[in-house]
Amino acid sequence: TWDWVRIDCGSDTSYKDSNGDTWDSDDDYIKTGDNKQVASTSSSDIEQLNTLRVFSEQNKNCYTIPTPTSTRYFMRAMFWYGNYDGHSKPPTFDLEFDGNKWATVVTNTTSFTYYEMIYATKGDSISICLARTRDQEFPFISRLESLPLPDDMYPQMRRDMAWFISYRYNYGADDRILGYPDDQYNRIWEPQIPPGLDSLTANFTSLDETSVNVPPDSAIIKAVEASAMDTINLSFGFDNVSHLDHVEMYFTEPFLKTSETRSFNVTVNGSFVNTTIPEYQICTSVWANLQSVGTLDIQLVPTEDSTLAPIISAIEVYTVSQPLVIATTSQNDLKLHFYYRKSYNLISTLLKKISDFTLVFDSIAMKKMFNICCRYLSGFGLQGYLPKFSQMDALEVM
């Protein structure tokens, strides 16, 4: 896992955890924000959630995550308020990546919140930003992780879009699988036993073969089964807006029964996907890409010749992003942003004495197009006159 990035946000130092993996402090990835600790009464069993980085000085603060390989990355951001400020008022704010909306983060006082996505990098780094959207509600982050995925994982996902996890269930389980090392690709699997279904555990502890997406064996040996020969109905709620979902379902035959057969038809939103015959000690995956509005409905319907009821071990439901912003923020813009914020008050003082002030740009940089189109200054506590921004050709809103 040498090319993974693991940030324990709010930690004062880097360290190795009990698995021997290195967790970095924020310093190499972001220069703004303050380190805080959760209240002693809100400490978490997950070590990295007991500290956080909070951003109270400006409206948007961004981590720069290196992406040394040109591939898709799995990323997760985790948030645990933990009443670090003693106010018992968990904030709501936006999470962004490379200028695109990832999620509206809604934190609470009882449990941690997390967001995961799969995203094909557009350069040698990914910008992960926390943006204030409500007055006096300051963004924070507890833990941030990134790792490259093999090219053959999730082959049916479009590479020009980002995919956000909406649901990932380990059916029949009692406990959450908290990523690595139980899942070698660091995914979190939530336990789920839908009403009316029976949980069961396979009579083996490891798989002989698995899906290209490599779900953890521990998620597959647990399953839920329909009572008698009933249909399994699974529903997943969404906003009442049309969106594209990617569904991955995982199956195995938990018991070797030569005299009986198990087969069922898989339908998604009423459309037939395939007929599945689970195999003993082998994980089979079935996928579908489809538009959904409101709810995503899945049915596992026993075939006429099946003697055993439908069964399912695990499922993943990803939702596609909106069309991505193609151009990332240029380094010239980033340098100007940093320089402007750092030097604003000095510039304002000088402007009171100098009647005409001109920003001078490097002649080479002037030939490149700047990508910043909007600049919001309300969160900086700035005073004085504005310098000229005429060289920023794409700037439309100040």
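The values are calculated or read from the model by the stated rules, or taken from the named source; none is laboratory data. What you see is a predicted model, and the numbers here were worked out from it, not measured in a lab. A quick note on method: Cβ atoms are made from the backbone with ideal geometry, for glycine too, and the neighbour counts reach across all protein chains shown. Surface areas here come from the heavy atoms of the whole protein model, side chains and all, with no ligands, DNA or RNA. Shrake-Rupley method; radii C 1.70, N 1.55, O 1.52, S 1.80 Å.
I need the full set of residues from the range 166-201 which are among the small types (Gly, Ala, Ser) and either in a strand (DSSP E or B) or touching a strand residue (DSSP E or B) at 6+ places or on another chain (Cβ under 7 Å) (or both), in order please. If you could, list the steps in order and put the result at the bottom.
Taking the range 166-201 as the starting set, the residues that turn out to be among the small types (Gly, Ala, Ser) are 166, 172-173, 179, 196, 199.
Within the range 166-201, SER166, GLY172, ALA173, GLY179, SER199 qualify.
Just checking, which of ARG6, ARG53 is more than 24 Å from LYS122 (Cα to Cα) and either of a type outside the set (Asp, Glu) or open to solvent by less than 10 Å² (accessible area, probe 1.4 Å) (or both)? Before you say what the answer is, go through the steps one by one.
On the way: ARG6 fails: more than 24 Å from LYS122 (Cα to Cα).
On inspection, the qualifying residue turns out to be ARG53.
Please go through the range 131-150 and pick out each residue that is of a type in the set (Ser, Thr, Tyr) and farther than 23 Å from SER88 by Cα. Before you say what the answer is, go through the steps one by one.
From the range 131-150, those of a type in the set (Ser, Thr, Tyr) are 133, 142, 146; that's our starting set.
Selection gives SER146 alone.
Yes/no per residue for (1) surrounded by fewer than 21 Cβ atoms within 10 Å (Cβ to Cβ); (2) closer than 30 Å to MET78 by Cα; (3) aromatic (Phe, Trp, Tyr):
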{"position": "SER199", "(1), (2), (3)": "yes, yes, no"}
{"position": "MET229", "(1), (2), (3)": "yes, no, no"}
{"position": "PRO278", "(1), (2), (3)": "no, no, no"}
{"position": "ASN289", "(1), (2), (3)": "yes, yes, no"}
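Within the range 107-124, take every residue that is modelled with pLDDT of 95 or more and assigned to a strand (DSSP E or B) and give me the one that is surrounded by the most Cβ atoms within 10 Å (Cβ to Cβ). Show your work before the answer.
Going through the range 107-124, the residues modelled with pLDDT of 95 or more turn out to be 107-119.
Now narrow it down to the ones that are assigned to a strand (DSSP E or B): 113-119.
Numbers: THR113: 16, TYR114: 19, TYR115: 16, GLU116: 22, MET117: 22, ILE118: 20, TYR119: 24.
Applying the filter and picking the extreme gives TYR119.
Taking the range 25-53 as the search range and keeping residues that are outside any loop (DSSP other than H, G, I, E, B) and within 19 Å of the chain's Cα centre (by Cα), which one is farthest from ALA131 (Cα to Cα)?
Here is the first cut: in the range 25-53, the residues outside any loop (DSSP other than H, G, I, E, B) are 26-28, 34-37, 40-42, 47-53.
Now narrow it down to the ones that are within 19 Å of the chain's Cα centre (by Cα): 26, 48-49, 52-53.
Details: ASP26: 17, GLN48: 22, LEU49: 20, LEU52: 16, ARG53: 13 Å.
That would be GLN48.
Out of SER43, SER18, report the one residue that is hydroxyl-bearing (Ser, Thr, Tyr) and either surrounded by 16 or more Cβ atoms within 10 Å (Cβ to Cβ) or closer than 22 Å to TYR185 by Cβ (or both). Show your work before the answer.
On the way: SER43 fails: either surrounded by 16 or more Cβ atoms within 10 Å (Cβ to Cβ) or closer than 22 Å to TYR185 by Cβ (or both).
The match here is SER18.
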